[in-house]
Amino acid sequence: MERKEWPLWEVFVRSRNGLDHKHCGSVHAPDAKLALQVARDVYTRRQEGVSIWVVQADHIVASDPDAKPELFDPAEDKIYRHPTFYQLPDEVNHM
Amino acid sequence: MYTQALDIPQQSADKGPRVVENPEYQAEFDARIDAGGYIEAKDWMPEAYRKTLIRQISQHAHSEIVGMLPEGNWITRAPTLKRKAILLAKVQDEGGHGLYLYAAAETLGVSRDELLEALHSGRAKYSSIFNYPTLTWADIGVIGWLVDGAAIMNQIPLCKCSYGPYARAMVRICKEESFHQRQGYDLLLAMMKGTEEQREMVQDAVNRWWWPSIMMFGPHDKDSVHSGQSARWGIKRISNDDLRQKFVDATVEQAKVLGVTMPDPELKWNAERGHHDFGAIDWDEFWNVVNGHGQGNVDRLAARVKAWEDGAWVREAALEHERKRAAREHQAA
Ligand SMILES: [Fe+2]
Ligand SMILES: [Fe+2]
């Protein structure tokens, strides 16, 4: 079968001002302009967004899921990074 | 349901339990499923899990896309502008559902073109419910009420299925389905307040769609071949028969309010079970339609293939336009 597929774009939508853009899915489109248009039709038919980002999927660099331990475990034993690590006298513990 | 053909025994694939490719990864995978956690696209997963998901999600996507056809049939003949706008929005939603789901399937390493090719060649299945014709305007109401109603019943548990991208697509879909069911019921209420002839149209549509709707839940649990493994994988959380019972129980009251009867003399409340009993399902008809013997199937696929082929020049031109633009930009730089 001949491959003439439109490239894949990842879609990020800001649902309202004050919030981050959040990944909500992907679309196929031949170029950036149409990717935005398609994303509008597919993901914001009910005012789910006020702003859309599209990024061509193969431009995204992702961490390797197999490297999860090396990347994320070192934070596990650093409990002193959390406020709850510090037990203060009762009178001031709400600090 | 929309993936009922999953219950069909496969000739080649899925022969017995899979070989464990990596016991350590497998153990991690099992533990995560058992803990009710999610598997994400790039995570390790057993090959059979991946294949089952591709099959289920794409079958579901195909059903949404083919499902646009029987209703699209009535867009130009909607009785009022209001009903036309509603139906357009509903059919557009179904197209959207298909797209969310194709995107979810693609995260498993299959291309959109491969998925469409499987549909167009007849290799992939879609829900047989969409092979029935929509004969009158009342069919549009009954599809919303019963067919989308049955779909909701089946799809809510999928919002918590173990594969993250599928679960998230389902959350989005379920949010939109409620509109589909309510607009259908609302349309029928309006017709029931109309003339005697309109009321007869509604009853006739109910008579034709009732059995196909409850068949949407697939074969009885004892005859369902893939359910056990799917339950183990957290893909299927509630059995076909339990979902069907839930649907029947919920629908009886709605029929009463509407003023129609179901074409099943054995449908009645069973106080002992706390559920409604209903008559035996004609599975021969079900398998006949699932396996694509019928004019409906031929017509639906032909319409799909024609739309795809007629659109080929647009897809090619758009790609070529972008290629030229990128080349110009490159030259200017
Ligand atoms: Fe849908
Ligand atoms: Fe729907």
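The values are calculated or read from the model by the stated rules, or taken from the named source; none is laboratory data. Being a predicted model, the structure only gives us computed values, none of them experimental. Neighbour counts run over all protein chains shown; Cβ positions are idealised from the backbone, glycine included. The protein model used for the area step is the full one, side chains on, heavy atoms only, and it has no ligands, DNA or RNA in it. Shrake-Rupley method; radii C 1.70, N 1.55, O 1.52, S 1.80 Å.
Some values worked out for this structure:
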quantity	calculated
Candidates B:126, B:100 - the one that is within 16 Å of ligand 2 (Cβ to nearest atom), under 27 Å from residue B:231 (Cα atoms) and modelled with pLDDT under 95	B:126
All positions within the stretch B:108-163 that are touching a Lys or Arg at 6+ places or on another chain (Cβ under 6 Å) and part of a loop (DSSP other than H, G, I, E, B)	B:108
Residue list for the stretch B:164-182, restricted to those being away from chain A (no Cβ under 14 Å) and open to solvent by less than 30 Å² (accessible area, probe 1.4 Å)	none
Criterion: within 14 Å of chain A (Cβ to nearest Cβ) and open to solvent by 70 Å² or more (accessible area, probe 1.4 Å) - qualifying residue of B:329, B:266	B:329
Selection from the stretch B:76-107 of residues that are among the small types (Gly, Ala, Ser) and in a loop (DSSP other than H, G, I, E, B)	B:78
Filtered residues of the stretch B:1-54 (kept if assigned to a loop (DSSP other than H, G, I, E, B), at pLDDT 85 or above and either farther than 20 Å from residue A:65 by Cβ or within 14 Å of another protein chain (Cβ to nearest Cβ) (or both))	B:37, B:38, B:40, B:41, B:42, B:43, B:44, B:45
Qualifying residue in the stretch B:129-136 (condition: within 28 Å of residue B:242 (Cα to Cα), within 16 Å of ligand 1 (Cβ to nearest atom) and modelled with pLDDT under 95)	yes
For residue A:65: the one exception among (1) at pLDDT 95 or above; (2) more than 25 Å from residue B:96 (Cβ to Cβ)	(1)
Matching entry among B:148, B:204 (being within 16 Å of ligand 2 (Cβ to nearest atom) and either at pLDDT below 95 or acidic (Asp, Glu) (or both))	B:148
Lone qualifier among B:93, B:139, B:148 - being away from ligand 1 (no atom under 16 Å from the Cβ) and among the acidic types (Asp, Glu)	B:139
Selection within the stretch B:60-82 - more than 14 Å from chain A (Cβ to nearest Cβ) and either acidic (Asp, Glu) or more than 16 Å from ligand 2 (Cβ to nearest atom) (or both)	B:71, B:76, B:77, B:78, B:79, B:80, B:81, B:82
